[in-house]
1. Taking only the C-alpha atoms, wrap a convex hull around the chain and report its volume per residue in Å³ as a whole number.
2. Please check: in the Gaussian network model of the chain (C-alpha springs, under 10 Å), which one of Glu64, Glu28, Glu11 has the largest mean-square fluctuation.
3. With a sphere of radius 15 Å drawn around the Cβ of Glu28, what net charge do the other residues whose Cβ falls strictly inside it have (Lys, Arg +1; Asp, Glu -1)?
4. Starting from the Cα-Cα distance between Arg45 and Ala60, subtract it from 0.36 nm times their residue separation and give me the gain in nm to one decimal.
5. Return the loop-located trypsin sites (Lys or Arg not before Pro) in the chain (DSSP other than H, G, I, E, B) with at most 14 other Cβ atoms within 10 Å of their own Cβ; answer none if there are none.
6. With +1 assigned to the C-beta of every Lys and Arg and -1 to the C-beta of every Asp and Glu, and no other charges, what is the dipole magnitude of the chain about the Cα centre in debye, to the nearest 20?
7. So what is the 222 nm mean residue ellipticity for the chain from helices alone, if each DSSP H run of at least 4 adds -39500 (n - 2.57) and you divide by all residues, rounding to the nearest 500 deg cm²/dmol?
8. With angles folded into 0 to 90 degrees, how steeply does helix 10-22 sit against the dominant principal axis of the chain? Use alpha carbons for both and round to 10.
Amino acid sequence: MELILKSNNEESLAKIIALAKKLNVVIERKNTDFNKTARVNLKNRILNFKASGSSSFGDAAEWEQRQRSDRELPFS
């Protein structure tokens, strides 16, 4: 099982780490400096994404109509 804890409070993290050591739990600490500016920039990149070309799948409604057009229904 994996448990991910995120906190800016170093004192709370120290207490959790001490408890984990007493319980013989493996601790893997990753420092992620993902400040608010980085989040806003990432969000804007995602929201402003524009595809360079048209979809390779074509028109989904047209495909569905072709697939269903020659299907025999059991009650007809």
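What follows is calculated from the coordinates using simple rules that are stated; it is not laboratory data. Here the structure is a predicted model, which means the values were calculated and not measured. FYI the Cβ positions are ideal-geometry reconstructions off the backbone, even for glycines, and counts take in every protein chain you see.
1. Considering the Cα atoms of the chain, their hull volume per residue is 252 Å³.
2. Glu64
3. My count for the surroundings of Glu28 gives +3.
4. Stretched fully, the Arg45-Ala60 segment lengthens by 2.7 nm.
5. Lys6, Arg29, Lys30, Lys50, Arg71
6. 560 debye
7. -14000 deg cm²/dmol
8. 90 degrees
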